[in-house]
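Here the structure is laid out as structure tokens; the discussion comes afterwards.
FYI, it's all coordinate maths here, none of it is from the lab. Note that the coordinates shown come from a computational prediction; the quantities given were computed from them, not determined experimentally. FYI the Cβ positions are ideal-geometry reconstructions off the backbone, even for glycines, and counts take in every protein chain you see.
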């Protein structure tokens with residue numbers, strides 16, 4: 001592991017950056033989410049979670065719920081459930097349907113075996129001690145109940161990694177610049193099962209492959225710019241690199257008709 005990668009990984013799990021910058025409100029998260037409007041095939045991720053919870057009754061904890069896409073859908077489709085959204089950032093909870101609370105996934109304010117399901121969706125890569133957090137999630141789940149986690153593959157959006165490295169290299173005047181910050185690499189789809197097996201026995205993986213094809217650079221640029229909270233760890237002038245990436249994307253669309261991004265994410269459904 002390079003020192004730059006180590007710094008990036010530490011920053012991805014830095015509570016101050018998460019609460020006060022990266023997720024101080026929903027702006028950056030919404031920018032990253034919005035790019036999936038152009039993905040084919042389309043996946044109704046909140047609907048998939050609703051389906052997985054078809055046999056669940058009682059209390060559902062959405063740990064690291066962000067801007068509440070899943071909380072709000074569960075309130076709509078499963079009003080019988082007692083859904084509690086929580087996040088380390090108070091700001092991003094502003095528009096999430098209540099009840100919500102500010103909480104650290106590594107020390108949940110719930111008793112042992114008090115939840116009938118726990119969601120940890122695209123968030124376990126943000127905790128400093130992943131294995132300890134998995135055990136904490138297992139602590140609050142009743143025996144026989146479910147944990148649903150989600151993340152991206154190590155191969156997800158490699159075209160954006162290549163775009164960033166090229167743009168960063170152009171800005172620095174070198175053939176290839178530093179790698180962009182990866183959020184999911186600490187708990188990728190490939191790494192997740194080994195972490196989850198420290199506390200859960202039955203683990204099912206559902207991969208969700210797709211392709212995003214863009215004819216407008218703006219959503220791609222917004223996606224790259226949404227990593228601003230980690231600009232200090234990028235090893236390159238951040239805003240200049242984003243601007244250069246915009247130029248490259250525009251040129252690619254002009255010559256090839258579109259900019260294509262290969263995606264691979266997935267869910268992991270776990271039981272004690």
Using only Cα atoms, find the angle between the long axis of helix 3-12 and the longest principal axis of the chain, and express it within 0 to 90 degrees, rounded to the nearest 10. 50 degrees
For the range 118-188 versus the range 234-255, the gap between their alpha-carbon centres in whole angstrom: 23 Å
Which of 110, 70 has the fewest other C-beta atoms within 10 Å, and how do the rest follow up to the most? 110, 70
To the nearest 10 degrees, the tilt of helix 238-256 (Cα long axis) against the first principal axis of the alpha carbons of the chain is 80 degrees
Just want the ordering: 213, 26, 52, 256, from fewest to most Cβ atoms lying within 10 Å of their own Cβ. 256, 213, 52, 26
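So if the hydrodynamic radius of the range 50-166 is defined as the Kirkwood radius over C-alpha pairs, what does Stokes-Einstein give as its diffusion coefficient at 4 °C and 1.567 mPa s, in µm² per second?
On the way: Rh = 15.0 Å.
For the chosen part, D equals 86 µm²/s.
Which shape class, rounded, prolate or oblate, goes with the range 201-256 when its Cα gyration tensor gives a ≥ b ≥ c as root eigenvalues, a/c under 1.5 marks rounded, and past that a/b bigger than b/c marks prolate?
Details: a/c = 3.54, a/b = 1.37, b/c = 2.59.
Taking the square roots of the gyration eigenvalues as a ≥ b ≥ c, the range 201-256 is oblate.
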When every alpha-carbon pair in the range 3-271 is counted, what percent end up more than 25 Å apart? 45 percent
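At 222 nm, what helix-only mean residue ellipticity would the chain give, in deg cm²/dmol to the nearest 500, using -39500 (n - 2.57) for each DSSP H run of four or more? Mind dumping the intermediate values first?
On the way: 9 runs with 93 residues, N = 272.
Mean residue ellipticity at 222 nm (helix-derived): -10000 deg cm²/dmol.
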GNM flexibility winner over the chain from 51, 176, 207 (Cα, springs under 10 Å): 51
Surface/4 of the Cα convex hull for the range 148-272, nm²: 8.3 nm²
Can you pull the three principal axis extents for the Cα set of the range 100-143, in Å, largest first? 24, 23, 17
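Determine the percent antiparallel among the DSSP beta bridges restricted to the chain, to the nearest 5. Mind showing how you got there, number by number?
Working: 22 of 39 bridges.
Given both bridge residues lie in the chain, the antiparallel proportion sits at roughly 55 percent.
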Enter the angle in degrees (range 0 to 90, nearest 10) between the Cα long axis of helix 130-140 and the first principal axis of the Cα atoms of the chain, meaning the one along which they spread out most. 30 degrees
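Could you work out the mean projected area of the convex hull around the alpha carbons of the range 18-63, in square nanometres to one decimal? Mind dumping the intermediate values first?
Working: hull surface 18.2 nm².
Taking the Cα atoms of the range 18-63, their convex hull projects to 4.6 nm² on average.
Sorting 203, 148, 174 on the 10 Å Cβ count, fewest up front, what's the list? Kindly include the intermediate steps, with their values, before the conclusion.
Details: 203 16, 148 23, 174 11.
Starting with the residue having the fewest Cβ neighbours, the order is 174, 203, 148.
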